[in-house]
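The values are calculated or read from the model by the stated rules, or taken from the named source; none is laboratory data. As the structure is a computational prediction, the values presented were derived from the model and not from experiment. Cβ sites come from the backbone with ideal geometry, for glycine too, and all protein chains shown count toward neighbours. With ligands, DNA and RNA removed, areas are computed over all heavy atoms of the protein, side chains included. Shrake-Rupley method; radii C 1.70, N 1.55, O 1.52, S 1.80 Å.
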Amino acid sequence: MDKQIRHEATSADIAAAERVLGIEQTAPERALIAQAIAAQIDLARARRAVTLDDDLAPACVFEPRLPGFDMPDPGPLILPRPTLPFPGAEDDEAIAFAPASAQAAWIRAGELSAVRLTTIYFERIARLDPALGAFARLNPAALDDAAALDHRAARGDWAGPLHGVPWACKDLIDTAGIITDWGAEPFRDRLPPDDAVVVRRLRAAGAVLLGKTVVGALGYGDVWHGGRTRNPWNPDEGASGSSSGSAAAVAAGLCGFALGTETLGSIVAPAARCGAVGLRPSFGRIARTGVMPLCPSLDRIGPLCRDIADTALVLAALNGADPGDPSSRDIPFGGAAAGNPEGLRLGVLDGDFAGAECGAARWALDQLRALGVTLVRVALPKLPWESLVSVLMAEAAASFEPLTLSDRDDLLARQDEAAWPNQFRLARFLSAVDHVQLDRLRRRGMQAMADLFAEVDLLAAPFAAGPLHTLAAFTGHPCLCMPIGFTNTPPRPSAGLAAPEQAPPRPVPAALCLWGRLFDEARLLAAGHALAGRCALDLRPPLSRRGGMKGHSAG
């Protein structure tokens, strides 16, 4: 891309650039710019010649807490403690779909072993994943790791609260000795020497790594160099969002829980589509050391589970800072994640629940009212919050600038208008001045969210409805996405790929998103846990049951 072609800029060149930038100068102004711009280009090229390490963070580190922010007093962590009886050694499906907390309890009680549970999941992956495409590769040491945990258990030596529970890791997260290629052709066979911090923390908690789940190439969509991940509720459509493999694996009962990452929707979108529970924690709560850097001021790591109590259990294991991530903070995770939501104030934006497609979400609001939650009508300033997406594009383009300048972005399979290669190039045509102003708009958004949370405890919207999904990604607020019912719909497009024509509609999960105050995930999870108890859904997709789903067009 940067071919070092040198020529003197003219006023005509400046006028052409103005059309690209959406601005207009006078003729004398163009002449002055033309005289000076060569030096500016030389400075930019000199900087581009410097090799910057992939994990080198920007000097400006995003801080989501405004001056005067009152940190919630977490108190001790109180988790829901469901007492689920062991279904019997032969009921593999019931064991596979059980909450991770129940699986850990059965292992601790001696009713189940880590090896047996890991074997159940490997057998399900072999049978179901060819149609689903959730896993990129498996961990060859998983059964040995499980056996070692069983030996420890026999001695009364328990690793931690997730002892023996198998989990799946999004393929943006480094795993020592296991290929982590970010789903992208230019990074095939990339073999990290070290585990990411979150992988080390889960191992310390006793979890067994099953394998790496599919990530949309470089953290975008559900298409990678090996194909596409399907929604287990309707394999005629993709699983949506770059944590697609993790969400699909959880929803199909192929692991106890999984990790995802999110910049803008990559946890909540596949959770919504696949019927998983996705938690995007507050920005800075979980250290990202050893995770592919895409957008340093936005990227977060979070759990995908089948049970809201499990998200709290996994978050407790992941919580904390690391020196390798300047954005991470040591902020305790505590509070009553199993508390009673009665008396909470829930903010709702006008129009977010109005559509015909929002019937399940309106029903969920009725259930929250029945639980004693007070609904409060709130409003955001009418500002172009969607323009903040240009911040994301600029950060992503900077992270992968060498890919663009070397033309190795041509190796990526997706080359459409919305795909990364074109977006990386496009980001270079928005000025630095615009980006500074976008950063100021972002701060205005932080102030607007602070104003809302001065009135209410939580916010709610159906998945993908209204401005909160975009704005809260840029303000750092935590989001819980949970299934609350079903809707009958034909296949939906994702990641720039059209849905197949004339495919039949199928029942698929409908989702509600809840947002909480910064670093107040316990209150968020308590409301979600109470609502889930009212929903009482059977979240076993037809594809995941013995015999599978007949007649789909996955290929």
- With Val291, Val314 as the choices, which residue is open to solvent by 10 Å² or more (accessible area, probe 1.4 Å) and at pLDDT 95 or above? Val291
- Message: Can you find a residue that is modelled with pLDDT of 90 or more, under 30 Å from Ala536 (Cα atoms), among the polar types (S, T, N, Q) and in a loop (DSSP other than H, G, I, E, B) anywhere in segment 71-93?
- Response: no
- Task: Confirm whether Val208 is touching a strand residue (DSSP E or B) at 6+ places or on another chain (Cβ under 6 Å), open to solvent by less than 30 Å² (accessible area, probe 1.4 Å) and more than 21 Å from Ala148 (Cα to Cα).
- Result: no
- Residue check: is Arg124 over 30 Å from Gly516 (Cα atoms), more than 24 Å from the chain's Cα centre (by Cα) and open to solvent by 70 Å² or more (accessible area, probe 1.4 Å)? no
- Note on the structure: For segment 290-316 the number of residues that are out of contact with any strand residue (DSSP E or B) (no Cβ under 9 Å at 6 or more places or on another chain) and outside any loop (DSSP other than H, G, I, E, B) is 1
- Test for Ala217: is it over 22 Å from Arg545 (Cβ atoms), at pLDDT 95 or above, outside any loop (DSSP other than H, G, I, E, B) and open to solvent by 10 Å² or more (accessible area, probe 1.4 Å): no
- Message: Pairs needed: first member in segment 81-94, in contact (Cβ under 8 Å) with a residue 60 or more places away in the chain and closer than 19 Å to Leu254 by Cβ; second member anywhere, among the polar types (S, T, N, Q) and open to solvent by less than 70 Å² (accessible area, probe 1.4 Å); C-beta distance under 7 Å; at least 6 residues apart or different chains.
- Response: none
- Ala159: passes all of (1) touching a Gly at 6+ places or on another chain (Cβ under 9 Å); (2) open to solvent by 30 Å² or more (accessible area, probe 1.4 Å); (3) more than 20 Å from Arg306 (Cα to Cα) but (2)
- Task: Go over the candidates Asp366, Asp407 one by one and state the one that is within 26 Å of Ala184 (Cβ to Cβ) and among the acidic types (Asp, Glu).
- Result: Asp407
- Could you please find all residues in segment 317-335 being surrounded by fewer than 20 Cβ atoms within 10 Å (Cβ to Cβ) and closer than 30 Å to Asp366 by Cα? Gly334
- Message: Can you go through Ala503, Ala461, Ala465 and tell me which one is open to solvent by less than 40 Å² (accessible area, probe 1.4 Å), at pLDDT below 95 and in contact with a helix residue (DSSP H, G or I) (Cβ under 7 Å, 6 or more places away or on another chain)?
- Response: Ala465
- Message: When the residues of segment 473-494 are narrowed to those that are small (Gly, Ala, Ser) and buried (at least 24 other Cβ atoms within 10 Å of the Cβ), which ends up farthest from Ile308 (Cα to Cα)?
- Response: Ser494
- Item | Number of the exception - Gly351 against (1) modelled with pLDDT of 95 or more; (2) open to solvent by 10 Å² or more (accessible area, probe 1.4 Å) | (1)
- Item | Evaluation of Ala448 against (1) open to solvent by less than 10 Å² (accessible area, probe 1.4 Å); (2) of a type outside the set (Lys, Arg); (3) within 24 Å of Gly302 (Cα to Cα) (one fails), failing number | (3)
- From the set of residues in segment 58-114 that are hydroxyl-bearing (Ser, Thr, Tyr) and closer than 28 Å to Glu521 by Cα, which is least open to solvent (accessible area, probe 1.4 Å)? Ser101
- What is the number of the single condition among (1) more than 19 Å from Gly290 (Cβ to Cβ); (2) open to solvent by less than 20 Å² (accessible area, probe 1.4 Å); (3) of a type outside the set (Lys, Arg); (4) assigned to a loop (DSSP other than H, G, I, E, B) that Pro140 does not meet? (2)
